[in-house]
């Protein structure tokens, strides 16, 4: 579907995901593809079919710009590169992120058990032992041909895109801003309805929620007429949506503080006292609880760093209490 001058939106299906699709965007004049969609035969067929409908072929793709390196945004990258002479353009932090993932993958089952224990979920580590990554293979490193920094103006045929480094949902996340046409390609940084998953693991050393809130400030006041996100639908109300997201995380922080007000709580205990839009905590499966706990942990670390929550480690388990 043509959504703007020289911009086609491609709907790449995702099985077993309630979002249904990842949106990729194709810019014919420069042969540029922003995000690829998830890996899979059906996904590749959908990409190829929609490119043909826009008047292009896989071999016409010259540039691939992932907004970030999550599987639903880079899954088809290898298949495209096999068939085209395309180069990958990404933020410099993507290189460091991939190196870290490569160094972690062998220890990930052990680290996951340690994380569950540290978060206060020791009673379910036995369940995880039946769900471990059997036959897990390391993530294949993606070669980045051109690295870009925050603020760089990327000049393509027929269009210039300003790079905004927006860590939070992913450390390497970027948004792309077309000032001439007042378009923002927002990836997963700003979505029209749902909130991006802001997670933290016990082996991380950064503060992803603080990164995310600061990244929202970067793009809030850009003059835009249309926002092209990675999921859901196209939208226009950037300032309003950014303020909604900021308000959501402010309210979540208040929930977290309230959960830890009366006594020291583990991360799982805090998580069980938070309202989640997906389903109540007791009804969550193992992996959903783990995702929720990593999100709660990101908020706890943010509040700890602001001096509003105290952290204490007792043996292997982390505990939190409102200051």
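The values are calculated or read from the model by the stated rules, or taken from the named source; none is laboratory data. Computed from a predicted structure; not experimentally measured. Virtual Cβ from ideal backbone geometry, glycine too; neighbours counted across all protein chains shown.
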(request) Just one of (1) under 23 Å from residue 17 (Cβ atoms); (2) modelled with pLDDT of 90 or more trips up residue 61, so point out which. (result) (1)
(message) List the residue pairs whose Cβ atoms are under 8 Å apart, where the first residue sits in the range 37-63 and is at positive phi, the second is surrounded by fewer than 16 Cβ atoms within 10 Å (Cβ to Cβ), and the two are 6 or more positions apart or on different chains.
(response) 40/15
(request) Sort through 76, 111 and tell me the only one that's in contact (Cβ under 8 Å) with a residue 24 or more places away in the chain, surrounded by 13 or more Cβ atoms within 10 Å (Cβ to Cβ) and in contact with a helix residue (DSSP H, G or I) (Cβ under 6 Å, 6 or more places away or on another chain). (result) 76
(message) Can you pull out every residue in the range 249-269 that is under 16 Å from residue 198 (Cα atoms) and touching a strand residue (DSSP E or B) at 6+ places or on another chain (Cβ under 7 Å)?
(response) 267
(request) Just need a number here: residues in the range 300-323 that are more than 16 Å from residue 115 (Cβ to Cβ) and within 19 Å of the chain's Cα centre (by Cα). (result) 1
(message) I'm checking my understanding of the structure. Among residues of the range 265-299 that are under 16 Å from residue 119 (Cβ atoms) and over 22 Å from the mean Cα position of the chain (by Cα), which one is surrounded by the fewest Cβ atoms within 10 Å (Cβ to Cβ)?
(response) 273
(request) Scan the range 2-11 and give yes if some residue there is more than 29 Å from residue 225 (Cβ to Cβ) and surrounded by 14 or more Cβ atoms within 10 Å (Cβ to Cβ), otherwise no. (result) no
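Taking the condition of being in contact with a strand residue (DSSP E or B) (Cβ under 8 Å, 6 or more places away or on another chain) and buried (at least 19 other Cβ atoms within 10 Å of the Cβ), how many residues in the range 170-195 meet it?
Of the residues in the range 170-195, the ones in contact with a strand residue (DSSP E or B) (Cβ under 8 Å, 6 or more places away or on another chain) are 172-192.
Those left that are additionally buried (at least 19 other Cβ atoms within 10 Å of the Cβ): 172-178, 183-191.
The number of residues fulfilling the criteria is 16.
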(request) Return only the number of the condition from (1) under 17 Å from the mean Cα position of the chain (by Cα); (2) not in a helix (DSSP H, G or I) that residue 262 does not satisfy. (result) (1)
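Find the strands (runs of 3 or more DSSP E) located wholly in the range 18-105 whose residues include 1 or more that are under 30 Å from residue 278 (Cα atoms) and over 16 Å from the mean Cα position of the chain (by Cα), and list them. Don't jump to the end; show me each part of the working.
On the way: elements: 21-27, 32-34, 63-65, 87-91.
In the range 18-105, the matching strands (runs of 3 or more DSSP E) lie at 21-27.
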(request) State yes or no: is residue 96 closer than 23 Å to residue 14 by Cβ, at pLDDT below 95 and surrounded by fewer than 16 Cβ atoms within 10 Å (Cβ to Cβ)? (result) no
(request) Could you tell me whether the range 301-313 includes any residue that is exposed (fewer than 14 other Cβ atoms within 10 Å of the Cβ), farther than 20 Å from residue 170 by Cα and touching a strand residue (DSSP E or B) at 6+ places or on another chain (Cβ under 6 Å)? (result) yes
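Does residue 232 meet the test of being more than 30 Å from residue 319 (Cβ to Cβ), out of contact with any strand residue (DSSP E or B) (no Cβ under 6 Å at 6 or more places or on another chain), surrounded by 13 or more Cβ atoms within 10 Å (Cβ to Cβ) and in contact (Cβ under 8 Å) with a residue 60 or more places away in the chain?
On the way: more than 30 Å from residue 319 (Cβ to Cβ): yes; out of contact with any strand residue (DSSP E or B) (no Cβ under 6 Å at 6 or more places or on another chain): yes; surrounded by 13 or more Cβ atoms within 10 Å (Cβ to Cβ): yes; in contact (Cβ under 8 Å) with a residue 60 or more places away in the chain: yes.
Judged against the criteria, residue 232 is a match.
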(request) Look at the range 314-323 and say how many of its residues are touching a strand residue (DSSP E or B) at 6+ places or on another chain (Cβ under 7 Å) and either at positive phi or modelled with pLDDT of 95 or more (or both). (result) 4
(message) Checking residue 203 against (1) at pLDDT 95 or above; (2) under 30 Å from residue 122 (Cβ atoms); (3) in contact with a helix residue (DSSP H, G or I) (Cβ under 9 Å, 6 or more places away or on another chain): exactly one of these is not met. Which one?
(response) (1)
